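Have a look at the structure below, then the notes.
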Amino acid sequence: MEWGEGGTRVLSAQMRPRCEAMQAAAGPWAFFWMFWVSLTQLQFVSALLFNEVKYITTLEDLQNIENALKGKANIAFSYVRAIGTPEHRAVMEAAFVYGNTYQFVLTTEIALLESIGMEDIKYAHLYFFHCKEVLDLTQQCRRTLMGQPLTTVDIYRFIKSMEAPLLTEVAEDPQQVSTVHLQLGLPLVFIVSQQATYEADRRTAEWIAWRLLGKAGVLLLLRDSLEVDIPQQANVVFKREEGMPVEFLVLHDVDLVISYVENNTYIEETREDEADDMEGPDMGMQDDEVAESVYGDRKRQLPLELTVELTGETFNATVMASDSIVLFYAGWQAVSMAFLHSYVNLAVKLKGTPAMLLTRINCADWPDVCTKQNVTEYPVVKMYKEGENPVTYSGMLGTEDLLKFIQLISCPVNITSIQEAEEYLSGELYKDLISYSGVSVLGLFSPTMTTAQEDFTEAGKYLKGCVITGIYSEEDVLILSNKYTATLPALLLARHKESQPEITVENLPTYIRLQKPLLILFSDGIINPEYQKAILTLVKRRNTWIQKNTPVGRRILQAYFEVLPPLPVLVVVNLHSGGQVFAFPSDQGITEQNLLLWLNKLEAGLESHITILSAQEWKPPLPAYDFLRMMDAAASQHPTRKGPECMKETDIQENDKQPEDKSAVRKERIEL
């Protein structure tokens, strides 16, 4: 996530193609888009409120905040058992709405809750500290405990009830009285008063109002001014909800009034039952998969000693003293904590190797450092090398992708001899890197082509961590250019391994952006060698991909076929021109000859489709979730230069044909 002026840009440019791809793939990918919106919303709110919600760990921290806000503002203090849980998200969303009005304070420390007198700490809790009206710094702020579970709706109701007047005087028929409490689902309690006992009745009513704050609205009913009759003995009137008859009660004790209200407020009983279901010992499923993973691993001990923890005092000295990889994360954010596991796994893989120094800094503790390093999203990985600008990692948040980035970070490399250049192209010179990038790119330049060399070096910097790049500009460069019949300046690309690309979340956007039909083989993970030979031959001529037997693959097949066919299955999907799906005949063997004949029939319009994908557009559920529109608006106002996106060597199969006419009818020729 990135931020432009006005806080309008919420997704990084690297992630935009993935969002577009999920929308374009329609039905089979709809569930992924829903998850993406949920996760992005949480990251959006968390990043925005990073400096708004105070995270504390000790009673002293809480007392300092309380003293600083006396006479100025009220406090919403919450305890959650873990960062990333549904309760944490609900608190952050409430802070997003009310952060300008109240100071939100958060803790995960049970000891802190115990120190303020809370005994039952089975569930998450929220306190409202009434500090704004406290002018005496020695006086403690009143505290009101929220009785409902910490859900977004219940927090909203609770805060709205805190904003309502503590006590209201009325002189009209209780049946006709309506306040914000009834709108929030809370009952009304009328304390009946008369002129002779007004002062004592008002004090009693205020005392009851504090006891029932957040549970009911309390009003002082002036009997002497009423035109309607109230039973002479009644001293309390109870109104459960709008439209229901009021109840006239005789309760001579404050505790009896409190008990009656609590025992007759249905919302309390219902919410408590829901809380038992939602906040049981196992917590159930979290609101997204990332939060669920973090909560499930909360007791797992990570070998954090394999990475260097940075602080505001050590950051500059460390990154200047050695080439470093720095993870910027926020300890309260689920995505950061999930990625921290991958980062530590990376440290385990690199243990004992002369790789770059792996470091980390918690932006929750050192926000100033992160701000100075232009970090506005979490998590972020940056590479620091002496004399160079930091390089930001923009790949997938996983151990293997990050390992590839680090192993290839030294590119482009300088090649100094013809023999070294040949070894580079053959894969012998950097054979330990071949497993991370199967393609080597070598730039050939004469010594006088300084501008072209600078451009290639700049492009190589953009491709750092993605592919192996090298440069050769010695006097004998013509030997190489003549051997490979390349006119200087030239680029030589050497493919070291032949493999069939597999559709993944990472490369799907690249394929869809080509706006060409997709030839996809669905397999169970084990491909017949004869099939593989035929397909690999086809790869050199056509765009072909493999989708293994995964839950996502099965969901896609269900959208293509009424009954799931036996694997392997070969299909052509024409996403960008009609949405037709064609299936290779199941009674034919997958051979090169059969495949070419079938594809030729498709191109001639002689094959019938098995289904047509819906043209329904998968839009965000609400305009506020239309992050792509926000990105477009921000990009049009503040265009920025972006380097080429890193792609695997198998991500794009070269094809010089033009995109098809999107207005073509269903029987058009399919060009592959």
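The values are calculated or read from the model by the stated rules, or taken from the named source; none is laboratory data. This one's a predicted model, so the numbers in the text were calculated from it and none came from an experiment. Every residue, glycine among them, receives a Cβ derived from its backbone with ideal geometry; neighbour counts consider all protein chains shown. Keep in mind that these areas ignore ligands, DNA and RNA; they rest on the heavy atoms of the full protein, side chains included. Shrake-Rupley method; radii C 1.70, N 1.55, O 1.52, S 1.80 Å.
Counting only protein heavy atoms and a 1.4 Å probe, tell me what percentage of the range 191-251's accessible area is made up of carbon and sulfur. Let's see the in-between values first.
Details: 1560 of 3240 Å².
Accessible surface attributable to carbon and sulfur in the range 191-251 totals 48 percent.
By accessible area, using a 1.4 Å probe on protein heavy atoms only, the range 78-186 has 48% of its surface on carbon and sulfur.
Take 96-107, 251-262, 319-330 and order them by the average number of nearby Cβ atoms within 10 Å per residue, most first; the result is 319-330, 96-107, 251-262.
For the range 88-194, what Kirkwood radius comes out of the mean inverse Cα-Cα distance, in Å? Each step should come with its number before you reach the end.
On the way: mean 1/r = 0.0616 Å⁻¹.
Taking every pair of different Cα atoms in the range 88-194, averaging 1/r and inverting gives 16.2 Å.
D by Stokes-Einstein for the range 151-211, Kirkwood Rh over Cα pairs, 37 °C, 0.692 mPa s: 252 µm²/s.
With the simple model of a label 7 Å out from the Cα in the direction of the Cβ, PHE561 to ASP229 spans 8.2 nm.
With respect to the cross-link table entries LYS349/LYS385; LYS54/LYS132; LYS385/LYS461; LYS516/LYS601; LYS382/LYS404, which display a Cα-Cα separation exceeding 20 Å?
On the way: LYS349/LYS385 22 Å; LYS54/LYS132 18 Å; LYS385/LYS461 12 Å; LYS516/LYS601 17 Å; LYS382/LYS404 14 Å.
Checking Cα-Cα distances, LYS349/LYS385 exceed 20 Å.
Qualifying GluC sites (Glu not before Pro) in the range 312-389, where qualification requires a DSSP coil assignment and no more than 13 other C-beta atoms within 10 Å, comprise GLU313, GLU386, GLU388. The alpha-carbon positions of the range 322-423 define a convex hull whose volume is 123 Å³ per residue. Projected onto planes of every orientation and averaged, the convex hull of the alpha-carbon atoms in the range 194-269 covers 5.4 nm².
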